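**Student:** Have a look at this one.
Bear in mind these aren't lab numbers, they're just calculated from the coordinates by the rules spelled out. Please read all numbers here as calculations on a predicted model, not as lab measurements. All Cβ positions, glycine included, derive from the backbone under ideal geometry; neighbour counts span all protein chains shown.
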Amino acid sequence: MRARKKLNIGLVGYGFMGRTHSNAFRKVNNFFDVAFEPVLKCVCARDGAKADAFAKQWGYESSETDWRKLIARKDIDLIDIASPNDTHADIAIAAAKAGKMILCEKPLARNAYQAEKMVSAVKKAGVANMVWYNYRRVPAVTLARQLIGEGRLGRIFHYRAKFLQDWTISKDLPQGGAGLWRLDVKVAGSGVTGDLLAHCIDTAMWLNGPIDKVTAMTETFIKQRKHTLTGKVQKVGIDDASAFLARFSNGSLATFESTRYARGHKALYTFEINGEHASIFWDLHDLHRLQYFDHRDEGKVRGWRSLHITDGDHPYMKNWWVPGLQIGYEHTFIHQVADFLEGLDTGKMPRPDFRDGLATDYVTDAVLASAKSGRWVTVKKPK
Ligand SMILES: NC(=O)c1ccc[n+]([C@@H]2O[C@H](COP(=O)([O-])OP(=O)(O)OC[C@H]3O[C@@H](n4cnc5c(N)ncnc54)[C@H](O)[C@@H]3O)[C@@H](O)[C@H]2O)c1
């Protein structure tokens, strides 16, 4: 075991992601031999009593109700942004100016304009940064990248991704406020495009390279909803469903689809990649499996193989239990923290960094622009 240096964490937001991140910071040293030890120094949220209760439950030493005060504290090394999308840019830019390392939830920002400013800020400050696109670190997804990198699929022809949910079908569901900020365009930036497809796009570009062009359609099925904060019925500005076609730089074609109106699906994220020699399919509901078909297998036994990604030679798995026993969703965050801490030690920082987050925001912006214009849109690339 290596000697460990302390890394003081200041977390913003104690919701869903605040919990996954806190869990990761707490567990990483139990399972990964890394040279840093995250210290849960402070949690920040607007409601002081709730922040205190969270601090007690998760073992944070203190709490703040204003993220500016958190950033000003000398005893904080890293700002972890786990608050809604409209807060990311201001917090990250201020944290970078204060010389703090930054972990930021996805999407990096509400749009690429804001994300560009965030990339400039971390570049100028020279601070370590990463975006929580955690699905890259599902062992089966990491393995998919290794198989593609080894050339096992050969030339790639098709990429097909879906992210389906069904929780906003009721017309009586309000928009805005705690738990429902995703329906408020001013806070979220967009609907399923920035929330769900952003995950699919990040994974896709990691596995299959940059996206050059998109043509999209979006729909808002429920046009008006009561706003939780104002009590008034207001126009809904988010996309409830979004589908787009894409061309990757490597010549492959893609379809992406996302909705919160697919009755029966809670978080069905799937992708399939078809190459010249082999195909891969992955499904979040069965996340420890990778489906693999290799045309080069002997004909008699050729078919889809369901690989159980639990063996010691599978990505990350030697750090967990014994072969055959599975891990799950929360472990992807632990893997991300482990890789980040390893990067701090070696100086080779892992990705996705803010620049990668911006690349995804360029795609989501292009998708929304295409849905508006009805035309193909060329995707900008980060400089
Ligand atoms: N990586 C993933 O798979 C994943 C999953 C869910 C959410 N997210 C992202 O994480 C972020 C948070 O989402 P969530 O689901 O945890 O939301 P949530 O609503 O569960 O929690 C948001 C938290 O932010 C706090 N907050 C809001 N405004 C604040 C402010 N000005 N200062 C301090 N705290 C503030 C709220 O009090 C709450 O504690 C979003 O950007 C979202 O897109 C990512």
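**Student:** (1) without any contact (Cβ under 8 Å) to a residue 60 or more places away in the chain; (2) closer than 27 Å to residue 211 by Cα: which one isn't true of residue 302, the others all being true?
**Tutor:** The single condition residue 302 does not satisfy is (2).
For every residue, the table says whether it meets (1) of a type in the set (Gly, Ala, Ser); (2) out of contact with any Gly (no Cβ under 8 Å at 6 or more places or on another chain).
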site	(1), (2)
287	no, no
294	no, yes
327	no, yes
350	no, no
354	no, yes
363	no, yes
373	yes, yes
376	no, yes
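**Student:** Going through segment 44-58 one residue at a time, which ones are away from the ligand (no atom under 11 Å from the Cβ) and either within 12 Å of residue 15 (Cβ to Cβ) or of a type in the set (Phe, Trp, Tyr) (or both)?
**Tutor:** Within segment 44-58, 58 is the sole residue that qualifies.
**Student:** Consider segment 195-217. How many of its residues are buried (at least 22 other Cβ atoms within 10 Å of the Cβ), in contact with a Leu (Cβ under 9 Å, 6 or more places away or on another chain) and of a type in the set (Val, Ile, Thr)?
**Tutor:** 1
**Student:** A further question on this structure: Could you list, in sequence order, all residues of segment 11-30 that are assigned to a helix (DSSP H, G or I), buried (at least 16 other Cβ atoms within 10 Å of the Cβ) and either within 17 Å of the chain's Cα centre (by Cα) or hydrophobic (A, V, I, L, M, F, W, C) (or both)?
**Tutor:** Of segment 11-30, the ones assigned to a helix (DSSP H, G or I) are 16-30.
Checking which are buried (at least 16 other Cβ atoms within 10 Å of the Cβ) leaves us with 17-25, 27-29.
17, 18, 19, 20, 21, 22, 23, 24, 25, 28, listed by residue number.
**Student:** Do you know which of the residues in segment 155-194 that are charged (D, E, K, R), surrounded by 18 or more Cβ atoms within 10 Å (Cβ to Cβ) and not in a loop (DSSP other than H, G, I, E, B) is nearest to the ligand (Cβ to nearest atom)? Break it down into steps so the answer makes sense when it comes.
**Tutor:** The initial filter retains those residues of segment 155-194 that are charged (D, E, K, R), namely 155, 160, 162, 166, 171-172, 182, 184, 186.
Applying the additional criterion that residues be surrounded by 18 or more Cβ atoms within 10 Å (Cβ to Cβ) yields 162, 182, 184.
The next check asks that each one be not in a loop (DSSP other than H, G, I, E, B); those that pass are 162, 182.
Working: 162: 16, 182: 7 Å.
Residue satisfying both the conditions and the ranking: 182.
**Student:** From the set of residues in segment 309-342 that are assigned to a helix (DSSP H, G or I) and either free of Cβ contacts under 8 Å to residues at least 12 places away in the same chain or hydroxyl-bearing (Ser, Thr, Tyr) (or both), which is nearest to residue 145 (Cα to Cα)? It would help to see each step written out before you state the result.
**Tutor:** So the first thing to find is which residues in segment 309-342 are assigned to a helix (DSSP H, G or I), and the list is 317-319, 330-342.
Keeping just the survivors that are either free of Cβ contacts under 8 Å to residues at least 12 places away in the same chain or hydroxyl-bearing (Ser, Thr, Tyr) (or both) gives 318, 332.
On the way: 318: 18, 332: 15 Å.
Per the criteria, the residue is 332.
**Student:** Among the strands (runs of 3 or more DSSP E) lying completely within segment 238-302, list those that include at least 1 residues that are closer than 21 Å to residue 368 by Cβ and either of a type in the set (Phe, Trp, Tyr) or touching a strand residue (DSSP E or B) at 6+ places or on another chain (Cβ under 6 Å) (or both). Before the answer, list the steps.
**Tutor:** Numbers: elements: 241-248, 253-259, 268-275, 278-283, 289-294.
Ranges flagged: 241-248, 253-259, 268-275.
**Student:** Counting only residues that are more than 12 Å from the ligand (Cβ to nearest atom), among the charged types (D, E, K, R) and closer than 14 Å to residue 44 by Cα, how many does segment 76-115 have?
**Tutor:** 0
**Student:** Counting residues that are among the acidic types (Asp, Glu), which helices (runs of 4 or more DSSP H) fully inside segment 61-130 reach at least 3? Reasoning before the result, please.
**Tutor:** Values: elements: 67-72, 85-97, 112-125.
Where helices (runs of 4 or more DSSP H) fall fully within segment 61-130, none carries at least 3 residues being among the acidic types (Asp, Glu).
**Student:** From (1) within 16 Å of the ligand (Cβ to nearest atom); (2) surrounded by fewer than 21 Cβ atoms within 10 Å (Cβ to Cβ), pick out the condition that doesn't hold for residue 2.
**Tutor:** Condition (1) is where residue 2 drops out.
**Student:** Working only within segment 218-237, note down all residues that are touching a residue at least 60 places away in the same chain (Cβ under 8 Å) and not in a loop (DSSP other than H, G, I, E, B). Lay out the reasoning, then the answer.
**Tutor:** Taking segment 218-237 as the starting set, the residues that turn out to be touching a residue at least 60 places away in the same chain (Cβ under 8 Å) are 218, 236.
Once the filter is applied, which keeps residues that are touching a residue at least 60 places away in the same chain (Cβ under 8 Å) and not in a loop (DSSP other than H, G, I, E, B), segment 218-237 yields only 218.
**Student:** Suppose we filter 25, 36, 16 for residues that are within 16 Å of the ligand (Cβ to nearest atom) and touching a strand residue (DSSP E or B) at 6+ places or on another chain (Cβ under 9 Å); which single one remains? Reasoning before the result, please.
**Tutor:** Working: 36 fails: within 16 Å of the ligand (Cβ to nearest atom); 16 fails: touching a strand residue (DSSP E or B) at 6+ places or on another chain (Cβ under 9 Å).
Just a single option satisfies the conditions, and that option is 25.
**Student:** From the set of residues in segment 312-355 that are crowded, with 17+ Cβ neighbours inside 10 Å and of a type in the set (Asp, Glu), which is nearest to residue 140 (Cα to Cα)?
**Tutor:** In this case the residue turns out to be 339.
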